[in-house]
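Note sheet for the following structure.
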Amino acid sequence: MLTLETLSGKIDSQTMFGNDAPLVVDMGCGRGKFLADQAALEPHKNFVGIEKSRKFSRIAAERVARRGLENCRVVCAYVEPLLEKHLRGPVVSEYHVLFPDPWPKRRHHRRRTLQTGTVRAMAATLQPGGLFRFVTDVPELFDFARAQIGAVSELEPLPLEGQDEALFAYSSYHQRFVEEERPIYSYVWKRKED
């Protein structure tokens, strides 16, 4: 497990993995189920999971290590300082933001990950044509995130028809909510070609 203190230089495929494979970032990877499963499904890509909780980061890193996933790393850090210091330039091919904390109370909305400024910083690190995938079970958070992401002119929504969810592993929340037959809200945006 890496931290802001142990990271040296940029987060990109060449620096972290020694190759030029597409880089996928899982923001808020939690215990790392989706991260590890997706890295195993797509060994031709590199994966970095970002998680602010030291406990969950450690669990995710242990999960990755147990499975011997050389194409996967876990970083324990808050999103904003990581974007400021280590994610620069168009180096990310995909972002996944899956079931983030909804911070349901209005006075806590500023703590939500997907504020327009953060989304704008993430969009700046996406390669042209890169994808930004958001999934939640909270309708109000879905509307909030769509508004925040929609305010970033570099991103354009992709039509929901034809998006193959079978290409993605389930996170632990996704799996649980499907089993409980709860509605799940998903959307994908693409970084505009310059």
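Which one is modelled with the lowest pLDDT among residues in segment 84-133 that are touching a His at 6+ places or on another chain (Cβ under 8 Å) and crowded, with 20+ Cβ neighbours inside 10 Å?
Of all residues in segment 84-133, those touching a His at 6+ places or on another chain (Cβ under 8 Å) come to 98-99, 103, 133.
Restricting the remaining residues to those that are crowded, with 20+ Cβ neighbours inside 10 Å gives 98-99.
Working: Leu98: 90, Phe99: 87.
Filtering first and then ranking leaves Phe99.
So, of the residues in segment 134-161 that are surrounded by fewer than 17 Cβ atoms within 10 Å (Cβ to Cβ) and among the small types (Gly, Ala, Ser), which turns out to be nearest to Gly89 (Cα to Cα)? The selected residue is Ser153. The residues in segment 142-156 that are touching a residue at least 12 places away in the same chain (Cβ under 8 Å), in a helix (DSSP H, G or I) and farther than 12 Å from Gln115 by Cα can be counted, and the count is 1. Restricted to segment 159-172, and to residues there that are in a helix (DSSP H, G or I) and out of contact with any Ser or Thr (no Cβ under 8 Å at 6 or more places or on another chain), the residue that is modelled with the highest pLDDT is Ser172.
Looking at Leu69, Leu35, which one is surrounded by 16 or more Cβ atoms within 10 Å (Cβ to Cβ) and in a loop (DSSP other than H, G, I, E, B)?
Values: Leu35 fails: in a loop (DSSP other than H, G, I, E, B).
Step by step, each of Leu69, Leu35 is checked, and only Leu69 is surrounded by 16 or more Cβ atoms within 10 Å (Cβ to Cβ) and in a loop (DSSP other than H, G, I, E, B).
Within segment 1-14, can one find any residue that is in a loop (DSSP other than H, G, I, E, B), open to solvent by 50 Å² or more (accessible area, probe 1.4 Å) and aliphatic (A, V, I, L, M)? Checked segment 1-14: at least one residue is in a loop (DSSP other than H, G, I, E, B), open to solvent by 50 Å² or more (accessible area, probe 1.4 Å) and aliphatic (A, V, I, L, M).
Evaluate segment 173-190: report whether one residue or more is among the charged types (D, E, K, R), surrounded by 13 or more Cβ atoms within 10 Å (Cβ to Cβ) and modelled with pLDDT of 90 or more. There is at least one residue in segment 173-190 that is among the charged types (D, E, K, R), surrounded by 13 or more Cβ atoms within 10 Å (Cβ to Cβ) and modelled with pLDDT of 90 or more.
The values are calculated or read from the model by the stated rules, or taken from the named source; none is laboratory data. Because the structure is a prediction, the values reported are computed rather than measured. A quick note on method: Cβ atoms are made from the backbone with ideal geometry, for glycine too, and the neighbour counts reach across all protein chains shown. Accessible surface is based on the protein model in full, side chains and every heavy atom, while ligands, DNA and RNA are left aside. Shrake-Rupley method; radii C 1.70, N 1.55, O 1.52, S 1.80 Å.
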